[in-house]
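Heads up, the thing below is written out as structure tokens.
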Amino acid sequence: MSRTAPSRRGLLFGTAAVSAGALLTACTSNEPKQQEQPAGNTPAADDKPGKPVTIGFAGPQADHGWLNAINQNAKSRAAKYSDVTLEITEGSNDTAAQIGQVQTLINKKVDVLVILPADGKALTQVGLQAMRAGIPVVNLDRVFASPQAYRCWIGGDNYGMGLNAGTYIGEQLKDKPNAKVVELAGLDNLELTRQRTQGFDDALKNYPNITKVARQAADFTVESGQAKMAQLLQAQPAFDALWNHDDDQGVGALRAIAQAGRDDFLMVGGAGAKSAMDAIKAGTGVLKATVLYPPTMAASAIDLARALGQGKGVGGLAELEIPSSLTLYSAVVTKENVDDYLPTGFN
């Protein structure tokens, strides 16, 4: 799961089910066109081979299911294009090491950089360095401290995750008097955790019959999810719904719930792990929904980088250039629509 959050939400742009292929479409030629063109007929990137583009990809260490899915989405998307060469780093959670990796990619003179920084603030200067060297940067999810450090930002909506989780729970419990909910959050020192909680709390304000009676922070790990959920269950002998911020720590939370023999509440997860979607589809446990934080954003970032390298725009938009900001929508996955989203689930 992303460890810092964007400070802005730009153009709302679909769900994880919106493929990057649908994002960039409809180019009839790879040759430069005349300057005078009618609006809506500007060149956009498509799947046809065009100008060769070398994309440098630098992400953090894949020590979490979501982060591993980010890397896999980037690799598989780049492999789709015969005109794309992907220069990918090993990934590191050490900011100094990642800065060095990005500088190596700059020295290789890649055409475009896609960077998911281990720490957005700490890597801002190297983003600026790339931009000043004439290498456009696609800033993936964890936002740099300066908009001058990237050409385009694409990422998830942490506030929207909480808002949609709270709204789903609210609709399930709206007719229940004195309903109680609990929250299993992520790392409390991260802005993204605060945004998710704020969205959740704001949604619950629309349901005066619901009270949040407890909140416990975990660490985005299976072990912490199990330990913190066990504490919640012991402290709260009765409640109606649980929102868990992260499906990886949710594996541990579900273990604690099973060990306690509890099935008297509904649970909503976060991010969109395949294990969570499988459980939702089975419909036999407490997990009834998960709100997405789609790792498919990495595939879309590769598409955006390719478009930048080829001087193209985005299909479906009238503008010649790609937007400066794209915020993905946190769809709610339930038993009714889980088959649509299962292909995007990560391990």
Count, lysine Cα pairs under 15 Å in the range 156-280, 8 or more residues apart or across chains | 5
Using amide H atoms built 1.01 Å from N in the peptide plane, name the residues 5+ places from Gly50, or on other chains, whose amide H lies under 5 Å from its own.
-> Asp83
Which whole-Hz couplings ³J(HN,Hα) result when phi for each residue of the range 104-113 is put into the Karplus expression 6.51 cos²θ - 1.76 cosθ + 1.60, θ = phi - 60°, listed in order with x for Gly and Pro?
-> 4, 5, 4, 5, 6, 6, 4, 6, 9, 10
Karplus 3J(HN,Hα) series, Hz, for the range 160-177 with 6.51 cos²θ - 1.76 cosθ + 1.60 (x for Gly, Pro) = x, 4, x, 4, 6, 5, x, 5, 4, 4, x, 5, 6, 10, 4, 9, 9, x
Tell me, what % of the accessible area of the chain is carbon and sulfur with a 1.4 angstrom probe?
-> 49 percent
Starting from the amide H of Lys212, placed 1.01 Å from N in the peptide plane, find each other amide H under 5 Å away whose residue is 5 or more places distant or on another chain.
-> Val181
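Run lengths n ≥ 4 of DSSP H only: what is the helix-derived mean residue ellipticity at 222 nm for the chain, with -39500 (n - 2.57) per run over all residues, to the nearest 500? Please list the in-between numbers first.
Details: 11 runs with 125 residues, N = 347.
That calculation yields -11000 deg cm²/dmol at 222 nm.
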Dipole magnitude of the chain about its Cα centre, charges +1 at Lys/Arg Cβ and -1 at Asp/Glu Cβ only, in debye to the nearest 20?
-> 300 debye
Distance in nm between label sites at Gln148 and Lys176, each 7 Å beyond Cα in the beta-carbon direction?
-> 5.3 nm
Ranked packing of 229-239, 194-204, most packed first, by mean Cβ within 10 Å = 194-204, 229-239
For the range 76-207, size of Cβ-based charge dipole, Lys and Arg +1, Asp and Glu -1, in debye | 200 debye
Helix 191-204: angle to the longest alpha-carbon principal axis of the chain, degrees 0 to 90, nearest 10?
-> 50 degrees
What relative contact order, as a whole-number percentage, does the range 225-347 give when Cα pairs under 8 Å and 6 or more residues apart are counted?
-> 25 percent
Which percent, to the nearest 5, of DSSP beta bridges fully inside the chain are antiparallel?
-> 5 percent
Could you tell me which of Asn206, Ala217, Trp153 has its Cα farthest along the dipole of the range 135-281 towards the positive end, charges placed at Cβ (Lys, Arg +1; Asp, Glu -1), taken about the Cα centre?
-> Asn206
Sequence-distant or interchain residues sharing an amide H contact under 5 Å with Phe57, placed H: which?
-> Glu87, Ile88, Thr89, Val114
Which values of log₁₀ I(q)/I(0), to two decimal places, follow from the Debye formula for the chain at q = 0.06, 0.09, 0.10 Å⁻¹ with a uniform point scatterer at every Cα?
-> -0.23, -0.50, -0.60
How much accessible area per residue does the chain have, in Å², with a 1.4 Å probe?
-> 41 Å²
Unit charges at the beta carbon, dipole of the range 43-135: most positive-side option, Gly100, Gln72, Val84 | Val84
Give, rounded to the nearest 20 debye, the magnitude of the charge dipole that the range 190-347 has about its Cα centre when Lys and Arg contribute +1 at Cβ and Asp and Glu contribute -1 at Cβ.
-> 220 debye
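The values are calculated or read from the model by the stated rules, or taken from the named source; none is laboratory data. Keep in mind it's a predicted model, so treat the numbers as computed, not measured. Cβ sites come from the backbone with ideal geometry, for glycine too, and all protein chains shown count toward neighbours. Accessible surface areas use protein heavy atoms only, side chains included; no ligands, DNA or RNA. Shrake-Rupley method; radii C 1.70, N 1.55, O 1.52, S 1.80 Å.
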